[in-house]
Each structure stands twice: as C-alpha cells, then as structure tokens.
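*Asks:* Following this message is one structure expressed as structure tokens.
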Amino acid sequence: MGHHHEKHIAVILAAGKGTRFRSKKPKVVHKILGKPMIHYVSLAVRWSNPDRMIYVVGHEKQQVIKAINCLNCVYVEQEEQLGTGHAVAVTKTYWENFDGIVLIVNGDLPLVEGETLKNAVKYMEALMKFEGAPAEGGQDFRNEDVAGVVITTKVPNPLGYGRVVKDKNHKIIKIVEEKDATYQEQQIDEINTGIYLFYAPYLNQVIDRLENNNAQKEYYLTDVIELLNQMGKDVYALMVPDYTQFIGVNDRWDLAKAENILRMKYLQFWSYAGATFHNPETVYIEFDVELSPDVEIFQGVSLKGKTSIGEDTIIEENCSVINSKIGKNVKILKGSIIEDSVIEDNSVIGPYARIRNNSVIKENAQIGNFVEVKNSVVGENTAAKHLAYLGDAQIGKNVNIGAGTITCNYDGFKKHKTVIKDKAFIGSDTMLVAPVTIGEEAITGSGSVITKDIPDKALGIERSQLRIIENYADKRRKNDD
Ligand code: UD1
Ligand code: CA
C-alpha cells in the first residue's frame, strides 16, 4: 500500500418505507430545519471524503433521489426491503473488487457529524495498517485480522436499538436486535449506531451468507459480524460518548427530537459567531439561514428558507422571515412577517407588518403596524406607518403614506399598478384606484378615491361638501316619540 490516504466507498441505506411515520412520503425525505433528513446524512458522509457515494433506494425511490439531489452519486435499487444486510448486498458490484474500506451508514441518522465519520475511517485505517511494528525497510504492515469497526454509543434508554456484545478487547462478538435479545442482553446499554466500516474483500466473503431466521424475518447486516468472527477476523467497537449524534429516526417523535437537537446546535454555532438569542428554546432557524455579527433575536422568531440577516439588525418577538434578505441595522418589530422580499439598511418594520411577494423596502423606510406590502417597491425614507395595503405599487423616496391608504390594485380580473413619485403626500384613507400615478410632491386629500393621475405638486381631493345640521340630536329624539 504505502498511500497516505486509503480509499473508502460509502454506502447509505435509504430504501426503507419508514412504516412508523404513517406517511405517504418515504421517511428520509421528511424535513428537519427545512431540509430532507437524508441531506444531513449526505453532508456528514461527504465530509469523510469517500471516493464514491452509493445510495440504496427502493420505496418511492424517485422522491428519495430528488431529495438527495446528487449528480455524481450512485443509486442502487433494492426492490424489496428484506433488511439492512440485503440492502448492502444489492450494492456488491460496486465494491466486490475494491481493496479498501466500505463505510455503511443508515439513512435515518441525521445528527451524525462528519468529523465522527472521518475519525472512524482514520481509526479503521490505523487498525488495518499499523497494529504491530512496521516491517523493516519502512513498508506498511497490514493487519489481516481486522475486518471492521462499528460505531457504538451508550444511551440512557437503549430500547429499540441493537445491543453490542463485546469481549474484553473491544472486539465485538455479535450485535443482537431488541426483538431477538435475551433478558440479559437487553441490559446492555452499549448500542449499535448503524454506522459500520468493513474491509471490502472480507465483507464480500460473508454478505451473501446472511440468513433471515430471526424475529423480524429480515437479513440483518449486523449478522456479518458473527460470520467474520467465524473466519477468524475481528470487528472492533469504536465507542463515541456523545450519543445525541446517533438518534435513529424511526417515527415522527424521533424526528421532532432530532430537529430540536440540531436546532440548538445551529443556534449555538450562530451564537459563537456573534448573534444574541433571547430564549433560544423558542427560536427556529432553518439550515439555509445566515446571520451576521451583532444580530439580536428575541423569542418566538422563525427564520426560514434562504434568508440572511445583516449586522446590528434586531428581530423582536414572534416574527417570521422567509426567503428574504434583511440589511444592516434593521428593526423588525413584534409580530411581523416578511416573505420573498428585501429589506434594506436602517429600515423599521412593524410591529405587525406583512411584507411579501418580491417587495423591496429601501433604506431608512418605515413600514408600521398593520401595513401589508405586496409586490411593491417602497423608496428611501418613505413612511407608511399605520394600517395600509400597498400592492403592485412603485413608491418613490420621502413619500408619506397616511393611515388607511389602500391601493385598489384588483378590478376583479387583473392586477394594476400604482405609481407614487418622490415626496408625494398621501392623505389618510386615500383609495388609489389603479392603474394610477401620483406625481412628485403631489398631495391627496384624506378620504379621497383617486381614479385619475395627479400631476406633480397638485392636490387631488375627492370629497362631498360637509353638511352641519344644528341640534340634530334633539330632532332625532322627537321623531322617536
Ligand atoms: C438498525 C440496526 C440496529 C441499530 C439501529 C440504529 C439492523 C438489523 N439493525 O435497526 O442494530 O441499533 O439501526 O439506528 O441493521 N433499510 C434499507 N433496506 C432495508 C431495510 C432498511 O434500505 O431492507 C434502511 C432504512 O431505510 C434505514 C436503515 O436502513 O434508513 C435502517 O433500517 P431500520 O429498519 O430503521 O433499522 P433499525 O430497526 O432502526
Ligand atoms: Ca432506524
């Protein structure tokens, strides 16, 4: 050999239905922090730098392949899900002539860290290469007794996992599934994580010899260990203390637990990167979100999709930001929802504002309470501070939008555009019947229904004469008698 880096091939098992999910969708496409569960497994496996990634797919395989979204990966179909051993057996053509390590990972381990897999590969390489003294002349010595490594961990409640039966030298004698375990074996708290490394030529000699005479009538991958032992080959346990990495997600409650653990890990990461969180237990941040230093986030905030938050921005309680880019020093006040939009630097949004459909709020603008902005551009220094609907509008700089302003953009058939030019002043409760243009520095009178374009600097007012009828209250009382 003599290579610094020995090669390895990765096999990821993702053919199962996930019966306990009670779902139309296959298990591994269910999402954690906005990404399919399998995405996280793929990331971790890729981190170990395999020469090839092979996925075993079966149940609803098209959905699974789509979720994996990897062009240079290999997908092998397992038509019937006869067990994890059978799943590995169907990939055999890809490694039967390979002189290296096969890393096998269950597809339902979204919390496993890339570093853990990388270390396991190194450990296996070390066991294979360097146990005992190197031969004279500096040639690598290969320990031909080493057949594999299984990552194990100790859990507070081992229920449902395969138990690891070991001898004194960390060699595994066998792994027993919960359903096949004796009472004594069930007391073992060291479990099989579902991550294995095998020397391919040895795995090749045993993989077709598995039998399914067990409680679940399945071909268990774990049974290769006893077969390897019978050949005089050893399989070692690599015990990793952090058991939270190895939650096998079998049902939706496991999914919720796994998501919570990952969520807190990412919040911790962003916190060390310079973000402040108040009550982080209530903050939900998805995988594709990016935070800048000195961002401050209060309780109940959820940041989803491809979202980025600029420096010094504050997001108050119970806001949602989805697929949006938020600039620097922005204040997003309580209860606001921003979706598919851009908020530029120094703006103030909310409380209780809603901004959506490709809206752009330019620098230093103010969108206040109960204001909805849809598919609109709001210019620099423009303020719409209370109770308004701005849809399909192009609004310039330094505009004031009075309370109760509505762009009447929909005539029942089509959406129409409203243009409001720089420095215009829109009086409270103006109805802007689109298509309509309000000129630069133009003014609309409160309560007006604007159905014609208003020229620059002009006042548009549409209001009937106010009548005052003296002593009306007294007259009304008399009519009542
Ligand atoms: C498996 C292990 C168990 C271990 C646990 C860790 C076996 C026999 N048992 O049990 O020792 O403690 O994982 O979480 O391996 N799959 C296929 N094809 C199949 C069967 C399964 O691709 O025919 C895939 C599943 O989609 C899943 C993975 O293999 O991603 C594991 O299968 P699962 O049925 O969840 O095994 P466990 O019962 O959890
Ligand atoms: Ca499982």
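*Asks:* Hey, could you check the range 330-349 for residues that are open to solvent by 60 Å² or more (accessible area, probe 1.4 Å) and farther than 15 Å from Glu372 by Cβ and say which is farthest from the chain's Cα centre (by Cα)?
*Replies:* Restricting to residues being open to solvent by 60 Å² or more (accessible area, probe 1.4 Å) and farther than 15 Å from Glu372 by Cβ, the top hit is Asn346.
*Asks:* Can you pull out the residues in the range 271-329 that are among the charged types (D, E, K, R), buried (at least 18 other Cβ atoms within 10 Å of the Cβ) and outside any strand (DSSP E or B)?
*Replies:* Those that are among the charged types (D, E, K, R), buried (at least 18 other Cβ atoms within 10 Å of the Cβ) and outside any strand (DSSP E or B): Glu286, Glu316.
*Asks:* Taking into account only those residues within the range 351-396 that are acidic (Asp, Glu) and open to solvent by less than 70 Å² (accessible area, probe 1.4 Å), which is nearest to the chain's Cα centre (by Cα)?
*Replies:* Glu372
*Asks:* Which one of these is assigned to a strand (DSSP E or B), of a type in the set (Asp, Glu) and within 30 Å of Val330 (Cβ to Cβ): Glu372, Glu440?
*Replies:* Just one listed residue meets the conditions, Glu372.
*Asks:* Inside the range 239-273, can you point out the residues that are under 30 Å from Lys171 (Cα atoms) and away from ligand 2 (no atom under 16 Å from the Cβ)?
*Replies:* Passing the criteria: Met239, Val240, Pro241, Asp242.
*Asks:* Here is a list: Asp242, Asp251. Which entry is within 14 Å of ligand 1 (Cβ to nearest atom) and either under 30 Å from Asn143 (Cα atoms) or not polar (S, T, N, Q) (or both)?
*Replies:* Answer to the selection: Asp251.
*Asks:* If we keep just the residues of the range 225-238 that are of a type outside the set (Asp, Glu), within 18 Å of Met128 (Cα to Cα) and not in a loop (DSSP other than H, G, I, E, B), which is most open to solvent (accessible area, probe 1.4 Å)?
*Replies:* Checking each candidate, the answer is Asn229.
*Asks:* Among the residues of the range 447-458, write down those that are of a type in the set (Gly, Ala, Ser) and farther than 15 Å from Val399 by Cα.
*Replies:* Gly447, Ser448
*Asks:* Is it the case that some residue within the range 435-448 is over 28 Å from Val342 (Cβ atoms) and in contact with a Leu (Cβ under 6 Å, 6 or more places away or on another chain)?
*Replies:* Among the residues of the range 435-448, at least one is over 28 Å from Val342 (Cβ atoms) and in contact with a Leu (Cβ under 6 Å, 6 or more places away or on another chain), which makes the answer yes.
*Asks:* Which residues, taken from the range 407-424, are free of Cβ contacts under 8 Å to residues at least 24 places away in the same chain and of a type in the set (D, E, K, R)?
*Replies:* Asp411, Lys414
*Asks:* Let me ask something additional. Give the number of residues within the range 254-277 that are within 17 Å of Arg22 (Cα to Cα), within 16 Å of ligand 1 (Cβ to nearest atom) and of a type in the set (A, V, I, L, M, F, W, C).
*Replies:* Summing the residues that are within 17 Å of Arg22 (Cα to Cα), within 16 Å of ligand 1 (Cβ to nearest atom) and of a type in the set (A, V, I, L, M, F, W, C) in the range 254-277 gives 1.
*Asks:* All but one of (1) part of a loop (DSSP other than H, G, I, E, B); (2) closer than 20 Å to Ala10 by Cβ; (3) more than 9 Å from ligand 1 (Cβ to nearest atom) hold for Lys217; which doesn't?
*Replies:* (2)
*Asks:* If you don't mind, there's one more thing I want to ask. Could you tell me whether Thr276 is within 16 Å of ligand 2 (Cβ to nearest atom), among the hydroxyl-bearing types (Ser, Thr, Tyr) and at pLDDT 95 or above?
*Replies:* no
The values are calculated or read from the model by the stated rules, or taken from the named source; none is laboratory data. Computed from a predicted model, the values in this text were never measured in an experiment. Using ideal geometry, Cβ is built from the backbone for each residue, glycine included, and neighbour counts are taken over all protein chains shown. Just the protein is used for accessible areas: all its heavy atoms, side chains included, with ligands, DNA and RNA removed. Shrake-Rupley method; radii C 1.70, N 1.55, O 1.52, S 1.80 Å.
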